[in-house]
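S.K.: The structure that follows is given in the form of structure tokens.
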């Protein structure tokens with residue numbers, strides 16, 4: 001079996017030091033945004049009401065781009081009456097982020113609910129991880145936010161007999177990206193409004 005010779009330093013330098021593209025040149029990032037939007041909206045309609053029977057979703061609103069896009073797509077797919085925004089601030093969360101989240105919710109025409117997670121996060125950390133780093137504190141806060149969303153969805157909406165799903169990337173994208181924090185880590189809603197292992 002033939003092996004190609006190792007590249008010489010001159011070859012490597014030609015790769016490492018080749019001219020960088022201009023930051024003004026956006027052509028490498030070009031996509032058909034309308035097509036992608038339509039695909040994602042149809043994916044949500046197929047994944048939630050058609051395949052799983054969910055008629056409502058909750059979306060955690062941080063005021064950032066990711067949650068704003070998720071909420072907008074959910075409204076587009078299911079309608080504003082089917083989407084509820086949860087604001088889940090920690091004591092270090094900025095007021096500007098809350099304002100942005102509320103402004104988005106008003107623009108989308110969706111209901112919101114605010115649940116402060118400071119006591120639950122700090123209570124856990126003080127008891128079990130008193131020497132925690134800021135990075136770990138943020139990690140615990142992220143999981144607490146999903147627990148609050150799942151718990152509230154399972155309680156309030158299930159008792160009201162409204163099928164509801166806490167909304168994050170659906171199972172297939174989660175498997176592809178490895179990113180998911182429903183009910184903590186790697187959990188999902190299986191029994192239409194009740195949190196359980198996926």
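The values are calculated or read from the model by the stated rules, or taken from the named source; none is laboratory data. Quantities reported herein were computed from a predicted structural model and do not represent experimental measurements. So basically every Cβ, Gly included, is an ideal-geometry build from the backbone, and we count neighbours across all protein chains shown.
S.K.: I'd like to know if the range 74-82 contains one or more residues that are under 23 Å from residue 40 (Cβ atoms), in a helix (DSSP H, G or I) and within 16 Å of the chain's Cα centre (by Cα).
M.R.: yes
S.K.: Go through (1) under 17 Å from the mean Cα position of the chain (by Cα); (2) outside any loop (DSSP other than H, G, I, E, B); (3) surrounded by 12 or more Cβ atoms within 10 Å (Cβ to Cβ) and name the single condition residue 89 misses.
M.R.: (2)
S.K.: A further question on this structure: I'd like to verify a number: residues in the range 110-139 that are under 22 Å from residue 70 (Cβ atoms) and in a helix (DSSP H, G or I), how many?
M.R.: Here the count works out to 2.
S.K.: What residue, of 149, 168, is surrounded by 15 or more Cβ atoms within 10 Å (Cβ to Cβ), in a loop (DSSP other than H, G, I, E, B) and modelled with pLDDT under 95?
M.R.: Residue meeting the stated conditions: 168.
S.K.: Say whether the condition of being farther than 30 Å from residue 42 by Cβ, in contact with a strand residue (DSSP E or B) (Cβ under 9 Å, 6 or more places away or on another chain) and buried (at least 20 other Cβ atoms within 10 Å of the Cβ) is met by at least one residue in the range 107-119.
M.R.: So far as the range 107-119 goes, no, none of its residues is farther than 30 Å from residue 42 by Cβ, in contact with a strand residue (DSSP E or B) (Cβ under 9 Å, 6 or more places away or on another chain) and buried (at least 20 other Cβ atoms within 10 Å of the Cβ).
S.K.: When you scan the range 128-145, do you find a residue that is surrounded by 18 or more Cβ atoms within 10 Å (Cβ to Cβ), at pLDDT below 95 and in contact with a strand residue (DSSP E or B) (Cβ under 7 Å, 6 or more places away or on another chain), even just one?
M.R.: yes
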